[in-house]
Amino acid sequence: HLQKNGQRVRPSDWLLLNFAGNSEGRLRCGWTLPRQVGSAVIRNRLKRWVRVYFRGRLTTDGELPIDINLVFRKAEGDFYKKLDYAGFAIVVDKGWKQLERRVQNPPAPPYRRVSDDGDKPARRRMPV
């Protein structure tokens, strides 16, 4: 449901954050790691890093009532093999800050063009 109904933040070429508000009042986190990311050892390491990161985030900040899914995308060569936790945390921090801004200041609703007459070009915009 996050992919269709949620918002996206892309802090880097290899990471995408899908998120949406939830009614449970707490942060729920998930991840998507396709096989192209690397071997099971690498995928398990990334999952462990996500758990460690968000446990630390929950102790330092208050919880945002959102569902979040971290989507790891295919990267060149052995990128994930060379990635360390510090580099991972920097990118996830960047994404988290973008996410917080979006949650606090939601984007304006999409607009559609409306014209008074079918032959004339649109002169005003109205919310969908």
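The values are calculated or read from the model by the stated rules, or taken from the named source; none is laboratory data. None of the values given here were measured: they were computed from a predicted structure. Using ideal geometry, Cβ is built from the backbone for each residue, glycine included, and neighbour counts are taken over all protein chains shown. What goes into the accessible areas is simple: the full protein's heavy atoms, side chains included, and nothing from ligands, DNA or RNA. Shrake-Rupley method; radii C 1.70, N 1.55, O 1.52, S 1.80 Å.
Quick look at the values:
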{"read-out": "Pairwise label distance in nanometres, Asn105 with Arg57, each label 7 Å out on the Cα-Cβ vector", "value": "2.0 nm"}
{"read-out": "Protein-only accessible surface order, largest first, of Glu100, Glu24 at 1.4 Å", "value": "Glu24, Glu100"}
{"read-out": "With DNA, RNA and ligands ignored, accessible area of Trp14 (1.4 Å probe; Å², nearest 10)", "value": "30 Å²"}
{"read-out": "Cross-link table Lys4/Lys97; Lys47/Lys82; Lys47/Lys94; Lys4/Lys47, entries beyond 20 Å C-alpha to C-alpha", "value": "Lys4/Lys97; Lys4/Lys47"}
